[in-house]
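Bear in mind these aren't lab numbers, they're just calculated from the coordinates by the rules spelled out. Bear in mind that the values here come from a model prediction, so they are computed numbers and not experimental data. In this analysis, Cβ positions are derived from the backbone assuming ideal geometry, glycine residues included, and neighbour counts consider all displayed protein chains.
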Amino acid sequence: MEKLNEVGKSVLTSIQQFDFWWQLLALATALLLATLANQRLQGLVEKQHTLDSGLRHMAVRSIQRLLWPLTALAVLVPAKIIFEMNALPVQILEVAIPVLLALAVIRLVVYILRKAFNVSPLLKSSENLLAGIIWFGVLLHLAGWLPGLLAVLDSDSLAMTVGETRISVLAVLKLLLMITLAFTLAIWLAEFISRRVQRSTHISPSMQVGFAKFSKFILITIAFLVALNAVGINLSSLAVFGGALGVGLGFGLQRIASNFISGFILVFDRSIKPGDIITVGDKFGWVEQLNARYVVVRNREGVDTLIPNENLITSEVINWSYADTNVRMIIKVQISYDDDPEQALALMLECASASPRILTTPSPTVRLMEFADSGIALELRVWITDMEKGTAEVRSAINLAIWRTFKQHNITIPYPQRDLHIKSGWPPAPEQISKDQQ
């Protein structure tokens with residue numbers, strides 16, 4: 001606060017002097033040149049990098065966001081040096097330079113956060129929190145409180161020693177900051193690698209997912225270790241943490257670890273990949289995503305089911321498109337014993353063209369399967385290649401066509417029936433039973 005008071009008094013004193021207006025002129029010139037240069041360079045960048053993507057696009061967008069504050073700093077910093085060489089006051093410039101630096105850092109951090117994570121209310125609140133922390137740090141710097149506050153947070157009264165490692169409040173804050181930055185960069189880089197791999201036509205979908213998962217796991221691990229090393233924590237002290245983690249995996253986290261490892265098994269053995277049509281228990285649908293802990297399966301109603309990876313390893317899974325996308329459908333029909341089965345088979349074969357989804361190769365076939373209790377059992381067998389659309393539409397179209405065709409040719413679809421033979425005669429009437437009892 002004393003420094004702010006001193007700066008305020010010096011500014012009031014400087015207003016009355018001619019040197020103050022040189023500072024104001026330098027600041028106004030820097031802002032004006034920054035605005036003009038920003039407009040000019042923004043136009044050039046937009047024209048030359050409209051179609052850029054990936055890392056180059058990220059770099060271009062970052063430069064666009066930093067262009068205005070950096071251009072102003074490029075003018076103010078030399079101006080400050082010139083003023084100091086000529087023994088001119090620089091109070092205004094000392095305030096403007098940290099503010100512009102904070103603005104540049106805030107713009108860069110917000111852009112990286114929006115690239116690394118999906119836009120959400122939590123992300124927006126995090127952006128406001130980070131901006132507030134940065135401005136608070138600038139205020140502490142201008143007030144002259146920042147060095148004293150850092151010394152207090154790093155004092156022995158607020159520190160403890162674990163083994164050979166000294167842990168203070170300042171070290172913990174630095175660790176949290178480094179982990180946040182490293183994790184953000186790691187997640188953004190993992191998403192960037194995933195997008196690049198997904199564009200490749202030479203890598204199978206399952207290998208794309210596997211490579212994205214593996215790269216994300218490695219990058220996050222490296223980010224965590226780099227953050228610990230940057231703060232000064234000895235990595236050998238993590239042996240205790242590793243033992244605790246092993247105990248946790250053995251007891252409470254074993255299912256999570258099992259699902260995580262099962263996810264890698266599913267990816268690398270390529271038994272299930274995005275787009276496959278599968279049935280797990282009574283759940284039918286196509287695979288939308290392969291995640292670290294679960295698989296997203298979407299059914300025909302548009303409902304997403306999250307199935308743990310372990311279930312896909314330990315239970316029976318029907319993959320309708322594992323080796324071939326063609327799937328055979330069987331439509332069962334019975335006719336009366338009074339009808340001609342050869343005529344019925346020929347009519348059923350004509351009904352195979354009732355749906356455009358039915359394939360001509362392999363060709364539809366008909367079979368007489370058995371002489372059942374109620375009638376003669378016939379089957380029409382057809383092939384489809386788009387199982388993800390379901391079978392109800394095709395089955396309904398064929399059944400309706402068979403019904404109409406059989407009606408036109410007087411072929412009967414029998415009701416379920418049973419013959420009852422009474423060998424001991426009819427039972428006596430209730431009136432006769434009552435008379436006999438009297």
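Can you work out the Karplus-derived ³J(HN,Hα) for every residue in the stretch 312-324? Use 6.51 cos²θ - 1.76 cosθ + 1.60 with θ = phi - 60°, whole Hz, and x for glycine or proline.
Each residue of the stretch 312-324 in turn: 6, 8, 8, 10, 6, 10, 9, 9, 6, 10, 5, 10, 8 Hz.
Quick check on packing: order 309-318, 359-368 by the mean number of other C-beta atoms within 10 Å, highest mean leading.
Highest-to-lowest ranking by the protection proxy: 309-318, 359-368.
Considering the dipole of the stretch 327-408 built from charges on the beta carbon (Lys and Arg +1, Asp and Glu -1) around the Cα centre, which of SER374, PRO362, ASN399 is farthest to its positive end?
Of the options given, the answer is PRO362.
Could you run the Karplus curve 6.51 cos²θ - 1.76 cosθ + 1.60 with θ = phi - 60° over the stretch 407-415 and give me ³J(HN,Hα) per residue in whole Hz, x for Gly and Pro?
Result, rounded to whole Hz: 5, 5, 9, 6, 9, 9, 9, x, 7.
Using amide H atoms built 1.01 Å from N in the peptide plane, name the residues 5+ places from GLN334, or on other chains, whose amide H lies under 5 Å from its own.
The answer is LEU378.
Short version: ³J(HN,Hα) in whole Hz for each residue of the stretch 341-355, in order, from phi by Karplus 6.51 cos²θ - 1.76 cosθ + 1.60 (θ = phi - 60°), x for Gly and Pro, what are they?
My calculation for the stretch 341-355 gives x, 5, 5, 5, 5, 5, 5, 5, 5, 5, 6, 5, 8, 5, 10 Hz in order.
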